[in-house]
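So the structure is just underneath, and the comments pick up after that.
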Amino acid sequence: MRTAGAALSALSLVGVAALAGCSSGDPGDGVSRNAPAASSPSVSPSPSASAASGWNPSPGSVAAVGDSITRGFDACSVLADCPEVSWATGSDSLVRSLAVRLLGASKAADRSWNHAVSGARMVQLPEQMALAAKERPELVTVMMGANDACRDSVRLMTPVADFRASFEASMRQLRAGAPEAQVYVSSVPDLKRLWSTGRLNETGKKIWELGICRSMLADADDLGPAAVARRDAVQDRVVAYNEVLRDVCAKDRHCRYDGGAVFGFRFTGAQLSQWDWFHPSRDGQARLAEIAYRNITAAEPPT
């Protein structure tokens with residue numbers, strides 16, 4: 001999602017550069033005042049939850065890999081990562097990241113690592129997995145694939161076969177250094193639903209016109225046959241990517257896929273960055289943390 005970077009440098013043209021940062025508590029910080037961040041207790045699940053499946057719902061350390069979503073890009077300030085609000089490993093008290101929910105705030109500070117890179121695509125995941133393996137984590141979270149679909153054109157999207165090959169190579173890379181680490185794989189978000197939500201905001205559409213995720217978001221109000229076909233092609237590719245994530249994960253006994261939970265989540269305007277109407281806001285990051293915590297601590301994997 002780094003392609004948003006150059007475009008967002010022109011945000012002053014649409015009057016959003018003065019919005020407050022994520023620590024300000026102003027309405028522009030992306031936190032829904034009508035839907036407070038989830039507050040699932042950081043309690044250890046019952047040991048019986050892992051007895052049947054072999055899955056440990058209480059890992060003692062967390063390493064995160066992925067792209068700008070996991071880096072908290074544009075959640076606190078324009079054109080900047082904000083890892084403290086990351087759904088996976090952040091320290092923000094309103095987000096209550098997965099690491100904080102599992103480990104508690106003090107342990108999470110020492111026992112979680114964020115190796116995600118803004119703008120990364122699946123082909124870069126093996127390198128991130130190698131770094132994560134060096135930490136010897138008990139759990140690795142994966143959220144990757146949006147950038148593979150979010151290109152300047154449909155033609156430039158990552159082919160499904162290449163996406164699969166890179167994800168398989170990533171799992172091999174992890175297993176070479178951390179054979180027993182559990183892996184939690186998030187589905188790729190529904191980019192078409194993001195388009196249908198964001199296009200209701202005039203400021204958001206003006207920002208998209210600067211070049212964000214053109215394969216899906218270009219000409220947001222165009223409902224002609226060509227534009228509809230283009231968006232459907234992106235949607236089909238995201239669905240195919242999620243099938244790859246599910247299939248490859250199913251072949252690893254220590255891997256759990258989210259069952260399409262992130263893809264199916266209905267992000268609202270409050271859960272999208274007020275700077276680009278594309279990345280999750282702090283509130284959106286909290287929702288991702290809630291989804292992950294619920295699935296990781298469940299007795300059975302999601303279906």
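What to note about this one:
- Among residues of the stretch 152-178 that are closer than 12 Å to Gln124 by Cβ, those with a Cβ under 7 angstrom from a residue that is open to solvent by 50 Å² or more (accessible area, probe 1.4 Å) and of a type outside the set (Lys, Arg), sequence gap 6+ or separate chain, pair up as Ser166/Val123.
- Helices (runs of 4 or more DSSP H) fully within the stretch 15-125 counting 1 or more residues that are modelled with pLDDT of 95 or more, open to solvent by 10 Å² or more (accessible area, probe 1.4 Å) and more than 17 Å from Thr141 (Cβ to Cβ): 105-111
- Residue count for the stretch 258-278 satisfying the condition of being under 15 Å from Thr203 (Cβ atoms) and either part of a loop (DSSP other than H, G, I, E, B) or without any contact (Cβ under 8 Å) to a residue 40 or more places away in the chain (or both): 6.
- Residue identified as within 17 Å of the chain's Cα centre (by Cα) and either closer than 21 Å to Ala286 by Cβ or of a type in the set (S, T, N, Q) (or both) among Gly72, Gly104: Gly72
- Pair list, Cβ under 7 Å, 6 or more apart: the stretch 197-223 residue on the phi > 0 side of the Ramachandran plot, other residue modelled with pLDDT of 95 or more: Cys213/Cys150; Cys213/Leu191; Asp219/Ala227
- All of Arg246, Arg294, Arg231 fail the test of being among the basic types (Lys, Arg), modelled with pLDDT of 95 or more and open to solvent by less than 30 Å² (accessible area, probe 1.4 Å), apart from Arg231.
- Selection of the stretch 255-282 for residues being surrounded by fewer than 20 Cβ atoms within 10 Å (Cβ to Cβ) and either within 17 Å of Glu300 (Cβ to Cβ) or β-branched (Val, Ile, Thr) (or both) yields Gly259, Gly260, Ala261, Thr268.
- Subset of the stretch 182-200 [within 17 Å of Gly284 (Cα to Cα) and of a type in the set (S, T, N, Q)]: Ser186, Ser187, Ser196, Thr197
- You will find that of Asp252, Asp222, the residue that is open to solvent by 20 Å² or more (accessible area, probe 1.4 Å) and within 19 Å of Leu139 (Cα to Cα) is Asp252 and no other.
The values are calculated or read from the model by the stated rules, or taken from the named source; none is laboratory data. None of the values given here were measured: they were computed from a predicted structure. For neighbour counting, all protein chains shown are included, and Cβ atoms are generated from backbone atoms with ideal geometry for every residue, glycine included. Accessible surface areas use protein heavy atoms only, side chains included; no ligands, DNA or RNA. Shrake-Rupley method; radii C 1.70, N 1.55, O 1.52, S 1.80 Å.
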